[in-house]
Amino acid sequence: MAESESANSAAKMSRELRVSSLAEKDLAEVFEWYERRSAGLGMEFIKHVDATVLLVQRSPLIFRKRVGEYRLAMTPRFPYAVYFIYDEIRDVVSIRQVLHFSQDRAVHLKKA
(Lines give C-alpha, C1' and ligand atoms only; values in the text may rest on other atoms or scores of the structure.)
Protein backbone atom coordinates (compact mmCIF):
# COMPACT_ATOMS: atom_id res chain seq x y z
CA MET A 1 0.00 0.00 0.00
CA ALA A 2 2.80 2.44 0.86
CA GLU A 3 4.46 1.91 -2.53
CA SER A 4 1.17 2.72 -4.27
CA GLU A 5 0.76 5.91 -2.23
CA SER A 6 4.37 6.89 -2.95
CA ALA A 7 3.89 6.37 -6.70
CA ASN A 8 0.68 8.42 -6.58
CA SER A 9 2.50 11.24 -4.75
CA ALA A 10 5.30 11.21 -7.32
CA ALA A 11 2.76 11.44 -10.15
CA LYS A 12 1.09 14.43 -8.51
CA MET A 13 4.43 16.20 -8.06
CA SER A 14 5.18 15.77 -11.76
CA ARG A 15 2.26 18.07 -12.54
CA GLU A 16 3.57 20.99 -14.55
CA LEU A 17 3.67 24.32 -12.74
CA ARG A 18 3.84 27.62 -14.60
CA VAL A 19 4.25 30.99 -12.92
CA SER A 20 3.33 34.10 -14.89
CA SER A 21 5.61 37.11 -15.01
CA LEU A 22 2.78 39.08 -13.40
CA ALA A 23 2.75 36.71 -10.40
CA GLU A 24 6.54 36.98 -10.16
CA LYS A 25 6.23 40.78 -10.17
CA ASP A 26 3.54 40.61 -7.45
CA LEU A 27 5.80 38.45 -5.29
CA ALA A 28 8.82 40.72 -5.74
CA GLU A 29 6.81 43.82 -4.80
CA VAL A 30 5.27 42.23 -1.71
CA PHE A 31 8.62 40.78 -0.65
CA GLU A 32 10.20 44.24 -0.81
CA TRP A 33 7.28 45.82 1.07
CA TYR A 34 7.56 43.33 3.94
CA GLU A 35 11.36 43.55 4.04
CA ARG A 36 11.11 47.35 4.45
CA ARG A 37 8.81 46.77 7.43
CA SER A 38 11.02 44.20 9.14
CA ALA A 39 14.15 42.35 8.01
CA GLY A 40 13.30 38.71 7.31
CA LEU A 41 9.56 39.26 7.04
CA GLY A 42 9.72 39.20 3.25
CA MET A 43 11.40 35.78 3.37
CA GLU A 44 8.71 34.59 5.77
CA PHE A 45 6.09 35.72 3.25
CA ILE A 46 7.87 33.86 0.43
CA LYS A 47 8.03 30.67 2.55
CA HIS A 48 4.27 30.81 3.10
CA VAL A 49 3.59 31.44 -0.58
CA ASP A 50 5.89 28.54 -1.52
CA ALA A 51 4.00 26.21 0.83
CA THR A 52 0.70 27.37 -0.67
CA VAL A 53 1.94 26.85 -4.22
CA LEU A 54 3.16 23.37 -3.31
CA LEU A 55 -0.31 22.50 -2.00
CA VAL A 56 -1.88 23.92 -5.17
CA GLN A 57 0.48 21.85 -7.32
CA ARG A 58 -0.29 18.67 -5.36
CA SER A 59 -4.06 19.10 -5.08
CA PRO A 60 -5.44 21.85 -7.33
CA LEU A 61 -8.99 20.53 -7.26
CA ILE A 62 -9.42 21.14 -3.52
CA PHE A 63 -9.73 24.82 -4.40
CA ARG A 64 -12.99 25.84 -6.02
CA LYS A 65 -13.33 28.23 -8.93
CA ARG A 66 -13.93 31.78 -7.74
CA VAL A 67 -13.70 34.10 -10.75
CA GLY A 68 -14.34 32.41 -14.10
CA GLU A 69 -11.66 29.72 -14.40
CA TYR A 70 -9.57 31.20 -11.58
CA ARG A 71 -9.18 29.33 -8.32
CA LEU A 72 -7.65 30.86 -5.23
CA ALA A 73 -5.54 29.52 -2.40
CA MET A 74 -5.09 31.68 0.68
CA THR A 75 -1.66 31.99 2.25
CA PRO A 76 -1.35 31.31 5.97
CA ARG A 77 -0.45 34.28 8.20
CA PHE A 78 -0.41 36.84 5.38
CA PRO A 79 -3.54 38.42 3.83
CA TYR A 80 -2.74 37.25 0.29
CA ALA A 81 -4.18 34.73 -2.12
CA VAL A 82 -2.56 32.82 -4.95
CA TYR A 83 -4.80 32.94 -8.03
CA PHE A 84 -4.34 30.09 -10.46
CA ILE A 85 -5.91 28.18 -13.32
CA TYR A 86 -5.82 24.41 -13.45
CA ASP A 87 -6.00 22.76 -16.88
CA GLU A 88 -7.25 19.28 -16.05
CA ILE A 89 -6.71 17.93 -19.56
CA ARG A 90 -3.04 18.94 -19.75
CA ASP A 91 -2.55 18.58 -15.98
CA VAL A 92 -0.98 22.05 -15.74
CA VAL A 93 -1.25 24.52 -12.87
CA SER A 94 -0.72 28.12 -13.95
CA ILE A 95 -0.11 30.64 -11.16
CA ARG A 96 -1.46 33.92 -12.52
CA GLN A 97 -1.27 36.43 -9.66
CA VAL A 98 -0.68 36.88 -5.94
CA LEU A 99 -3.05 39.51 -4.60
CA HIS A 100 -3.79 41.13 -1.25
CA PHE A 101 -7.31 40.44 -0.02
CA SER A 102 -8.16 44.14 -0.31
CA GLN A 103 -7.23 44.33 -4.01
CA ASP A 104 -10.04 44.21 -6.55
CA ARG A 105 -9.45 40.77 -8.01
CA ALA A 106 -11.84 41.29 -10.94
CA VAL A 107 -9.77 44.26 -12.16
CA HIS A 108 -6.39 42.61 -11.54
CA LEU A 109 -7.27 39.23 -13.01
CA LYS A 110 -8.30 40.83 -16.31
CA LYS A 111 -4.62 41.77 -16.73
CA ALA A 112 -3.48 38.22 -16.09
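Pick out the one residue from ILE89, ILE85 that is modelled with pLDDT of 95 or more and under 11 Å from the mean Cα position of the chain (by Cα).
ILE85
Among the residues of the range 86-96, which ones are hydrophobic (A, V, I, L, M, F, W, C) and in contact with a Pro (Cβ under 9 Å, 6 or more places away or on another chain)?
VAL93
The values are calculated or read from the model by the stated rules, or taken from the named source; none is laboratory data. Bear in mind that the values here come from a model prediction, so they are computed numbers and not experimental data. Every residue, glycine among them, receives a Cβ derived from its backbone with ideal geometry; neighbour counts consider all protein chains shown.
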